[in-house]
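The values are calculated or read from the model by the stated rules, or taken from the named source; none is laboratory data. All values reported here derive from a predicted model rather than from experimental measurement. Neighbour counts are summed over all protein chains in view; Cβ atoms, including those assigned to glycine, are modelled from backbone coordinates with ideal geometry.
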Amino acid sequence: MYSALEQYIDYLEGVFYIRKIDEEQNMKLQEFIKQELGLQENNPEEAITTLSEKEIELSKAIEQIQQLKEKYQKKIILNYFEQVEEKLKNDFPKLKFVGDKFKLDKNVINAGVEFSIDNQYFSVLLECNDYSKTNIYYGIGRHFASENLLKDLQKTITKFIASADLFHKKYWNFDDDFWYAWHYTSVDNGYERLKNLLQQLLSNQNE
């Protein structure tokens with residue numbers, strides 16, 4: 001118990017930067033700031049004014065840094081989905097590619113292919129709706145295939161999903177505006193899961 005308390009206290013000190021080594025580093029940093037800004041201990045009013053002005057400058061710089069980070073993160077996701085597009089066209093050349101790159105919705109990018117059953121069309125695709133958090137999911141939806149979800153197609157889609165064994169029932173969402181079913185995934189395994197689903201659908205379609 002004593003050891004556990006010691007570890008917890010050390011953890012809290014680390015979180016709030018109050019360890020002795022942090023105190024020493026903070027003091028050195030403060031001295032460096034004083035020297036760089038020419039702050040005088042005997043003129044605190046002027047020191048506060050100078051620090052406030054510098055704080056505003058730094059806040060603006062941090063804001064620009066955040067914007068640049070978002071820009072580069074968006075580029076990373078864009079490159080990823082371009083790779084997904086290329087793989088889809090190579091692995092499934094007979095299927096029609098569908099997708100959008102932040103044009104229809106500035107926050108959404110997706111890539112997939114179109115299927116049809118009894119002349120009813122739907123898409124199987126990978127999508128990201130928040131590139132800053134890399135929120136990626138894959139599934140079966142109406143995207144680029146129909147104006148609304150096709151109610152007559154739901155039973156067939158459900159059969160395919162059950163056969164593919166890739167979706168838990170809690171992700172079967174027939175009240176959604178776009179998706180028949182979907183599941184969260186990641187950059188690392190997103191395409192492989194999409195590919196597996198496509199292969200299962202093709203196998204069922206050919207039976």
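Numerical summary
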item: Residue in region 54-74 that is more than 30 Å from Glu127 (Cα to Cα), outside any helix (DSSP H, G or I) and either touching a strand residue (DSSP E or B) at 6+ places or on another chain (Cβ under 9 Å) or not charged (D, E, K, R) (or both) present; result: no
item: Search result, residues across region 178-200 that are within 11 Å of Val124 (Cα to Cα) and among the small types (Gly, Ala, Ser); result: Ala181
item: Residues (more than 15 Å from the chain's Cα centre (by Cα) and basic (Lys, Arg)) located in region 63-108; result: Lys87, Lys89, Lys94, Lys96, Lys103
item: Gln199 being at pLDDT 85 or above, outside any loop (DSSP other than H, G, I, E, B) and closer than 22 Å to Lys89 by Cβ; result: yes
item: Region 85-144: number of residues that are of a type outside the set (A, V, I, L, M), farther than 27 Å from Glu70 by Cα and not in a loop (DSSP other than H, G, I, E, B); result: 12
item: Filter result (of a type in the set (A, V, I, L, M, F, W, C) and under 30 Å from Phe115 (Cβ atoms)) within region 60-100; result: Ile76, Ile77, Leu78, Phe81, Val84, Leu88, Phe92, Leu95, Phe97, Val98
item: Set Leu150, Leu126: member being surrounded by 15 or more Cβ atoms within 10 Å (Cβ to Cβ) and under 14 Å from the mean Cα position of the chain (by Cα); result: Leu126
